[in-house]
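Encoded as structure tokens, the structure appears first; notes follow it.
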Amino acid sequence: MAMDEALYMRSLCPVVRFYGWSCPAVSLGYFCSWAESRVRHGELFSYVRRWTGGGTVEHGNSDATYSISLPADCPWGRWRAPMLYERVHLTLAVALQECGIETDAFGPAGPVRDSACFQHPVAQDLVLSGRKVAGAAIRRSVRGVLLQGSIQGIAVPPHLPDVFARLLAGDVEEWNPGTDLDDDIASLVESRYGRVQWTRRK
């Protein structure tokens, strides 16, 4: 979570990052209740609170998590959240299709019954055989937009990140943000993501 925010604060152009999880974990949306999440998921998970919104997401070995950082002067960074959400997921659906996995965009969403993100699809989430396999959450500031997404329940091909980034941007290159990024990450862990007060703030 700290690296996603640090990349977001430093990026001068759109940046896509894919990563996995070293142990079973639950990420809490910015507004999620810690107490309710602990009751639902129990003590077998590590917990971290996201800077983005959305519900609670269980992560594990089969989870492919990604973030997209969009500076404010990027055209996509100026889009309203529903339009951006739709565009990213439609692009992800095409990327998965190129990798041999067919998904569908979920239609209009009904009322959300609880905060478990992958239990209840919302509009433009990706589903496979009626089961949600991809969702995301967004945070906007004057700096731009940070989107954090998760792909679950399918075997994600190792080349999906490259395909997805190419479809999003066309020209893609690896970006090395420099050693200062490590200092930013350490600062965010110390002040926010590594603190119990942050994780259990609601």
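Restricting segment 168-183 to residues that are in a helix (DSSP H, G or I) and either out of contact with any helix residue (DSSP H, G or I) (no Cβ under 8 Å at 6 or more places or on another chain) or at pLDDT 95 or above (or both), the residue that is nearest to Pro71 (Cα to Cα) is Ala169.
On the given criteria, is Thr52 closer than 17 Å to Val133 by Cβ, touching a residue at least 12 places away in the same chain (Cβ under 8 Å) and either within 12 Å of the chain's Cα centre (by Cα) or surrounded by 14 or more Cβ atoms within 10 Å (Cβ to Cβ) (or both)? Walk me through how you get there before you give the answer.
Working: closer than 17 Å to Val133 by Cβ: no; touching a residue at least 12 places away in the same chain (Cβ under 8 Å): yes; either within 12 Å of the chain's Cα centre (by Cα) or surrounded by 14 or more Cβ atoms within 10 Å (Cβ to Cβ) (or both): yes.
Criteria not met by Thr52.
There is at least one residue in segment 138-157 that is hydroxyl-bearing (Ser, Thr, Tyr), buried (at least 19 other Cβ atoms within 10 Å of the Cβ) and out of contact with any Lys or Arg (no Cβ under 6 Å at 6 or more places or on another chain). The selection criterion, being more than 17 Å from Arg80 (Cα to Cα), among the aliphatic types (A, V, I, L, M) and either in a helix (DSSP H, G or I) or at pLDDT 95 or above (or both), does not hold for Val127.
Of the residues screened, Asp162 is not one that is part of a helix (DSSP H, G or I), of a type in the set (Asp, Glu) and touching a residue at least 12 places away in the same chain (Cβ under 8 Å). Among the residues examined, Trp34 does not qualify as closer than 24 Å to Pro177 by Cβ, surrounded by fewer than 22 Cβ atoms within 10 Å (Cβ to Cβ) and aromatic (Phe, Trp, Tyr).
Residues of segment 71-82 include none that is buried (at least 22 other Cβ atoms within 10 Å of the Cβ) and at pLDDT below 95. Out of the residues in segment 158-168 meeting the condition of being surrounded by fewer than 17 Cβ atoms within 10 Å (Cβ to Cβ) and not acidic (Asp, Glu), tell me which one is nearest to His59 (Cα to Cα). Residue satisfying both the conditions and the ranking: Pro158.
Can you give me the number of residues within segment 119-150 that are in contact with a Pro (Cβ under 8 Å, 6 or more places away or on another chain) and among the charged types (D, E, K, R)?
2
Taking each residue of segment 67-88 that is within 15 Å of Gly53 (Cα to Cα) and looking for partners that are at pLDDT below 90 and of a type outside the set (S, T, N, Q) with beta-carbon atoms closer than 8 Å, six or more apart or interchain, yields Pro82/Ala123; Leu84/Trp76. Every listed requirement among (1) free of Cβ contacts under 8 Å to residues at least 12 places away in the same chain; (2) of a type in the set (S, T, N, Q); (3) within 20 Å of Tyr66 (Cβ to Cβ) is met by Gln124 save one, (1). In this structure, Ala186 qualifies as of a type in the set (A, V, I, L, M, F, W, C) and surrounded by fewer than 18 Cβ atoms within 10 Å (Cβ to Cβ).
The values are calculated or read from the model by the stated rules, or taken from the named source; none is laboratory data. Values in this document were obtained by computation on a predicted structure and should not be read as measured data. Here Cβ is always computed from backbone atoms with ideal geometry, including for glycine, and neighbour counts include all displayed protein chains.
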